[in-house]
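K.L.:
If you scroll down you'll find the structure; I have some questions about it.
The values are calculated or read from the model by the stated rules, or taken from the named source; none is laboratory data. Just so we're clear, the structure is a prediction, and the values are computed from it rather than from any experiment. Here Cβ is always computed from backbone atoms with ideal geometry, including for glycine, and neighbour counts include all displayed protein chains.
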Amino acid sequence: MGLFSRRKTPAGPPQPFAFVVENVFSVPMRGVVFTGRVESGQVQQGQDAVLHLAGDERAVRVKSIDVRRRSAAVAGTGEEAGLYLDGITARDLPTVPGGDGSLIDSDAVAGARLVSA
């Protein structure tokens, strides 16, 4: 890595974290991305987590992280990020009628929490 590299490298084992979901989108060819802010700690790619949706908990794994529209290995406290998760698909999320069928109900997912497993 060069002197001017912007990528963060994970420092040791994953730290406990809390991430608050603000919005969710289905991105063609990539999957579902949960956007929001890291409330505390540090989330790393490959880390196990639990997604707390209204009345439901789901074990997931952080597949990839985008920070400022770039791929990142980690995101820390206060950073806005997009997280792609293994273990959940668009079919698992609440939907509303729209477009050519149904759309993910972002309002129902807003405020959901993703925390360390």
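K.L.:
When the residues of segment 25-37 are narrowed to those that are modelled with pLDDT under 95 and closer than 24 Å to SER116 by Cβ, which ends up nearest to the chain's Cα centre (by Cα)?
P.N.:
VAL32
K.L.:
Here is a follow-up. Strands (runs of 3 or more DSSP E) wholly in segment 58-116 with at least 3 residues that are within 15 Å of PHE17 (Cα to Cα) - which ones?
P.N.:
On the way: elements: 70-72, 74-76, 80-86, 95-98, 101-104, 113-116.
It comes to 74-76, 80-86, 113-116.
K.L.:
Determine, yes or no, whether GLU79 is touching a Leu at 6+ places or on another chain (Cβ under 8 Å), among the acidic types (Asp, Glu) and more than 13 Å from VAL24 (Cα to Cα). Give the derivation first.
P.N.:
On the way: touching a Leu at 6+ places or on another chain (Cβ under 8 Å): no; among the acidic types (Asp, Glu): yes; more than 13 Å from VAL24 (Cα to Cα): yes.
So GLU79 fails the test.
K.L.:
Only residues that are buried (at least 16 other Cβ atoms within 10 Å of the Cβ), free of Cβ contacts under 8 Å to residues at least 60 places away in the same chain and among the β-branched types (Val, Ile, Thr): list them for segment 72-93, please.
P.N.:
ILE88
K.L.:
Right, next: Test VAL21 against the stated conditions and say whether it is surrounded by 16 or more Cβ atoms within 10 Å (Cβ to Cβ), within 16 Å of GLY87 (Cβ to Cβ), modelled with pLDDT under 95 and in contact with a helix residue (DSSP H, G or I) (Cβ under 7 Å, 6 or more places away or on another chain).
P.N.:
Taking the combined requirement at face value, the residue does not satisfy it.
K.L.:
Go through segment 36-61 and give me each residue that's within 18 Å of TYR84 (Cβ to Cβ) and charged (D, E, K, R).
P.N.:
The answer is ARG37, ASP48, ARG58, ARG61.
K.L.:
Within segment 27-59, how many residues are in contact (Cβ under 8 Å) with a residue 12 or more places away in the chain, loosely packed, with under 14 Cβ neighbours inside 10 Å and in contact with a helix residue (DSSP H, G or I) (Cβ under 9 Å, 6 or more places away or on another chain)?
P.N.:
Total meeting the criteria: 1.
K.L.:
Still on this structure: Against the condition in contact (Cβ under 8 Å) with a residue 40 or more places away in the chain and charged (D, E, K, R), how does ARG69 come out, does it pass?
P.N.:
no
K.L.:
Are any residues in segment 38-49 in a strand (DSSP E or B), more than 11 Å from the chain's Cα centre (by Cα) and of a type outside the set (D, E, K, R), and if so, which ones?
P.N.:
Scanning segment 38-49 gives SER40, GLY41, GLN42.
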